[in-house]
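These notes are about the structure you will find just below.
The values are calculated or read from the model by the stated rules, or taken from the named source; none is laboratory data. Note that this is a predicted model, so its numbers are computed, not measured. Methodologically, a virtual Cβ is constructed for each residue, glycine included, from the backbone with ideal geometry; neighbour enumeration extends over all protein chains shown.
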Amino acid sequence: MTRCKRIVPPALVVAAACALGAPSAQAAFPGVNGELLFMNEPSGNTRVFAVGANGKGQRRLPRSRFDAAQPSVSPDGRRIVFQAFRNGPRPELWVMDANGRNEKRLTRSKLIESEPSWSRDGRKILFQGRTRLGAPADVYVMNSDGKRRRQLTNSPASDEAPQFAPNGRRIVFQTNRTPGAPADFAIWQMSATGTGERSLISLPGIEGEPSFSPTGKRIAFSWQTNGLNDDIYVINADGTGTPARVTNDPAFDFTPVWSPDGRSIAFLSDRDGDQDVYVLRVGGGGPFQVTRNSIRDVQLEWGARRRR
């Protein structure tokens with residue numbers, strides 16, 4: 001789910017950065033830390049950028065003249081699935097090599113498709129789809145070549161930002177199924193086949209953007225407790241225990257993603273007046289500001305270094 005300084009049900013329009021969603025929150029697969037990917041809109045065009053966690057080497061992906069959004073890196077670091085408007089008014093899902101070359105279209109449907117994320121074995125891609133702008137989203141799965149698409153949820157609520165657990169056995173997603181509070185999002189889970197839907201994290205306020213740690217034992221998520229701003233929390237992956245607060249700032253901290261080595265969490269924040277990428281070590285130390293862009297950064301992903 002996209003955050004524009006607060007959680008709102010997203011309208012998926014690629015021209016509006018705050019309405020594009022957050023793959024933002026894909027599970028971190030174990031590996032050597034690779035680059036951070038984020039989205040920005042230089043000159044009004046939606047572009048995906050890569051940057052090192054030390055803030056160096058920022059560059060644009062892909063290398064074509066077309067828009068691209070919502071990047072998600074495959075577990076082996078070789079491919080990136082992303083959303084793009086290339087063939088008409090509806091966005092579709094595409095894949096490219098990690099260097100931004102060899103773009104290939106994956107989907108051809110009447111859905112508005114967004115928020116793609118990979119399974120750990122790289123064989124499946126989850127995404128959310130909706131029939132029209134503003135309609136509730138449902139969770140879908142397909143093979144990584146775009147074939148054998150299947151709908152997993154069918155709810156009058158909006159089921160968004162799906163991701164596999166690292167073991168591939170279950171899926172977490174955010175949804176506004178909360179009785180009597182349709183504007184409030186909570187985190188739910190289901191089996192990898194779409195059965196057994198149930199609440200996983202339902203706390204006072206608004207929770208969203210779940211991100212599994214590489215071991216699958218913990219989930220980072222954003223939590224808006226006071227109706228004013230979001231902070232990052234970590235909880236046991238089964239939803240038990242007391243959430244541990246990771247950030248504590250009057251600014252908006254959201255879209256947490258784990259590093260592949262499990263030692264750090266990257267997130268987006270407007271604490272510098274813009275909306276940039278930050279990284280902090282889990283268990284201690286203040287956040288390091290990775291990007292300093294004049295146009296706000298949205299969406300976030302931390303992929304593993306490409307395997308040889």
For this session: Sort out which residues of the range 182-192 are at pLDDT below 95 and closer than 21 Å to LYS124 by Cα, and write them in order of number.
Result: none
Exercise. Quick check: is even one residue across the range 267-278 touching a residue at least 24 places away in the same chain (Cβ under 8 Å), more than 19 Å from GLN174 (Cβ to Cβ), out of contact with any helix residue (DSSP H, G or I) (no Cβ under 7 Å at 6 or more places or on another chain) and of a type in the set (A, V, I, L, M, F, W, C)?
Worked result: yes
For this session: Would you tally the residues in the range 100-118 being of a type in the set (A, V, I, L, M, F, W, C) and either exposed (fewer than 13 other Cβ atoms within 10 Å of the Cβ) or at pLDDT 95 or above (or both)?
Result: 2
For this session: For the range 164-174, indicate whether the set of residues that are among the polar types (S, T, N, Q) and surrounded by 17 or more Cβ atoms within 10 Å (Cβ to Cβ) is non-empty.
Result: yes
Exercise. Would you pick out the residues in the range 202-220 that are touching a residue at least 40 places away in the same chain (Cβ under 8 Å) and either in a loop (DSSP other than H, G, I, E, B) or closer than 19 Å to ILE171 by Cα (or both)?
Worked result: LEU203, GLY208, GLU209, PRO210, SER211, PHE212, SER213, PRO214, THR215, GLY216, ILE219, ALA220
For this session: Could you tell me which residue of the range 151-201 is farthest from GLY262 (Cα to Cα), considering only residues that are among the charged types (D, E, K, R) and touching a residue at least 40 places away in the same chain (Cβ under 8 Å)?
Result: GLU197
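Yes/no matrix, rows are residues, columns are (1) part of a loop (DSSP other than H, G, I, E, B); (2) surrounded by 22 or more Cβ atoms within 10 Å (Cβ to Cβ); (3) more than 18 Å from the chain's Cα centre (by Cα):
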residue: PHE127; (1), (2), (3): no, yes, no
residue: VAL139; (1), (2), (3): no, yes, no
residue: ALA161; (1), (2), (3): no, yes, no
residue: ASP184; (1), (2), (3): yes, no, yes
residue: GLN189; (1), (2), (3): no, no, no
For this session: Identify all residues within the range 62-117 that are without any contact (Cβ under 8 Å) to a residue 12 or more places away in the chain and of a type outside the set (S, T, N, Q); write none if there are none.
Result: ARG65, GLY88, PRO89, LYS104
For this session: Enumerate the pairs (first residue in the range 288-304 and on the phi > 0 side of the Ramachandran plot and crowded, with 20+ Cβ neighbours inside 10 Å; second residue anywhere and in a loop (DSSP other than H, G, I, E, B) and among the hydrophobic types (A, V, I, L, M, F, W, C)) with beta-carbon separation below 9 Å, excluding pairs fewer than 6 apart on the same chain, so at least 6 apart or on different chains.
Result: GLN299/LEU20; GLN299/ALA22
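The rows are residues; the columns are (1) modelled with pLDDT of 55 or more; (2) in a helix (DSSP H, G or I); (3) surrounded by fewer than 20 Cβ atoms within 10 Å (Cβ to Cβ).
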| residue | (1), (2), (3) |
| --- | --- |
| VAL13 | no, no, yes |
| PHE29 | yes, no, no |
| LEU37 | yes, no, no |
| ALA50 | yes, no, no |
| ARG63 | yes, no, yes |
| SER72 | yes, no, no |
| ASP76 | yes, no, yes |
For this session: Select from the range 230-267 the residues that are polar (S, T, N, Q) and surrounded by 19 or more Cβ atoms within 10 Å (Cβ to Cβ) and write down the one among them that is nearest to the chain's Cα centre (by Cα).
Result: THR255
Seminar exercise, completed: Going through (1) within 29 Å of ARG305 (Cβ to Cβ); (2) in a loop (DSSP other than H, G, I, E, B) one by one, ARG108 fails only at (1)
